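Here, each number is a calculation from the coordinates, and none is a lab measurement. A quick note: this is a predicted structure, and the numbers were derived from the prediction, not measured. Here the Cβ is made from the backbone with ideal geometry for all residues, glycine too, and neighbour counts use every protein chain on show.
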């Protein structure tokens, strides 16, 4: 069967979407091509409704190594669990499509993006969401798209749509934007301290440029789209119960319960109120339908709770913990709580608390990033841990969740912009954010704690970075932007807008919007309000640690650097690595680059100095005019061989030993004697002629020796077999 292909131009290159040729049994299936990057995207839903009380949507981003002509390097030579970039790519798609499933839709739905070919210039992460939008749009799955996704760079002061991988290396901005015809749905960005107006301009540019893709997918849906299947939405009974329950809840003290400051106390008060209201509405002795009615009443109470909280915010500028819309929760900070860590800090904002820990390592600690876009060594690691006790829960402990990967990546982008270059500060850096308490914005607390931990370790950051999460409540044209949102406000509000940056500008940004109608004016206002909060947080951080400590932490290892002649690297390595193993046995780690750069890493500064002295001795090179305190190692009828330093000898001719004529070398020098010598000449074969500096000018200089075949370096006579 021959499929049908739709094409448009995006960023000056052709984007084609084909359907009807591959994976035809899937509910929706498309292949998407951009340059030589080719993706297969499928969408499928179960016919049976799930019993879960949330949307069971999963998005998988499958990287196949054959896409770049590689065989996987794992033991079994096949692809394993997704890497970090694949997880982040899946999250971009999930965040774009999830808000557009109808309320009450509970059918298990799966979107699978498979990278079949990757040209390593046209990045697949922003193509997957386009393919998912097209597959869902033409499928029978109820979904209210289409959406589209693009990337924007800032190269030489100009916005660039879908920059190539090479262009991204020169870009001050890496911004991914997803949206519908009328609204932006999702934003993800890393930046080199870009001002807020430039950021908003880039978002507007992205939304305008994605319109052609949206039109293309709408055309596909109109021509090929299947009829959407009917589903039974939850909440019909719950919705009917809301008006009466809302009146009763307000009369019973819902306002006071919502305005309880502490998270656990608030949950307890709301739970007790809900249980009383439900109990009052259950018929005594009622059995049939009782369980269904309890579920409906609980759902109705949740709706009432949301309505009342939003009313308090919009009409009274009151939030769940009693703050107004612009107030940041109380902050306290402690620097260096861990005595042996290289750098550490505790950052607490309200009921959100993160322990940041910084560790300094060598190039051996860098991580190889090997995916379908690039192969590089990353010298900055940031790991975000979110244990269940941080929310007062008990859950199974396993590997890192996708949420943890995403939050850690956002914090990493925020901090990377202010790190010194590796040439300036030759350490591999690892930051760990241990979330100890969480009631909203733990990723932003990780940014603050990570900044403080790095400064505590003595890392010379360009500027401190802070982060804050902004929220939004919007109804009937009225809206209010919220600073430093709680977990409850994140769940019941209309926007989660995380902004990180220095006092000068933005370094990372992430925005998820649950409603349409977020205008550029609202985004500008949110960024301006976030800047006020960021400056407040930075001032609190400066009260504890105003700048990086001038000296490295006492527990941090030291790195000594030197440069040697690349031709002498073999002397440092030794045959089979013997020499470098002996050097490292002295108490240091050593890295040697092809250009002759040598770095010595040790927690013991004395050991590092000893290793450096040894390497300098091994790689020392003789130069004409230099003087040495040498030792006679051999005599011959024509002169004496003098060891200048380890591995390097020179020859002092008999005519240069004394002002008087001597008959035998031994009349003046013997093996083991020490004397001051100066290099007079080094021939093209490396043979060194020496003179005695105190006799220079008193005796006629000796003519340089002609090169003799078979002679050894350093003026040794040829071997005679």
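Overview of values
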{"quantity": "Overall Cα dimensions of region 236-316, principal axis frame, Å, largest first", "calculated": "41, 24, 18"}
{"quantity": "Solution diffusion estimate, µm²/s, Stokes-Einstein, region 558-618, Kirkwood Rh from C-alpha pairs, 20 °C, viscosity 1.002 mPa s", "calculated": "191"}
{"quantity": "Percent of Cα-Cα distances greater than 22 Å, calculated over region 366-471", "calculated": "36"}
{"quantity": "Cα gyration tensor, region 537-591 - rounded (a/c under 1.5), prolate or oblate", "calculated": "prolate"}
{"quantity": "Convex hull of Cα atoms in region 515-622, direction-averaged projection (nm²)", "calculated": "13.5"}
{"quantity": "Estimated D of region 428-545 in µm² per second, where Rh is the Kirkwood radius over Cα pairs and Stokes-Einstein applies at 25 °C, 0.890 mPa s", "calculated": "163"}
{"quantity": "Computed over the chain: relative contact order in percent, which uses C-alpha pairs under 8 Å that are six or more apart", "calculated": "9"}
{"quantity": "Reference-scaled alpha-carbon Rg (2.2 N^0.38 Å with N residues) for region 4-224", "calculated": "1.01"}
{"quantity": "Fewest-first ranking of 380, 301, 347, using other Cβ atoms within 10 Å as the exposure measure", "calculated": "380, 301, 347"}
{"quantity": "Share of pairwise Cα separations in region 2-130, more than 27 Å, in percent", "calculated": "24"}
{"quantity": "Kirkwood Rh (inverse of mean 1/r, distinct Cα pairs), region 24-100, angstrom", "calculated": "15.0"}
{"quantity": "Neighbour-count ranking [beta-carbon atoms within 10 angstrom, fewest first] of 274, 558, 661", "calculated": "661, 558, 274"}
{"quantity": "Ranked 391, 502, criterion: other C-beta atoms within 10 Å, fewest first", "calculated": "391, 502"}
{"quantity": "Region 482-577 - Rg (one decimal) and Dmax (whole number), Cα, Å", "calculated": "24.0, 69"}
{"quantity": "Region 382-423: projected area of the alpha-carbon convex hull, averaged over directions, in nm²", "calculated": "3.9"}
{"quantity": "Relative contact order, percent, region 4-224 [alpha-carbon distance under 8 Å, six or more residues apart]", "calculated": "21"}
{"quantity": "Cα-based equivalent ellipsoid, region 167-216: semi-axes from gyration tensor eigenvalues, Å", "calculated": "21, 12, 9"}
{"quantity": "Per-bin percent of Cα-Cα distances, the chain [10 Å]", "calculated": "3, 12, 18, 19, 15, 10, 7, 6, 4, 3, 1, 0, 0"}
{"quantity": "Sum of -39500 (n - 2.57) over DSSP H runs of 4+, divided by residues of the chain (222 nm, nearest 500)", "calculated": "-9500 deg cm²/dmol"}
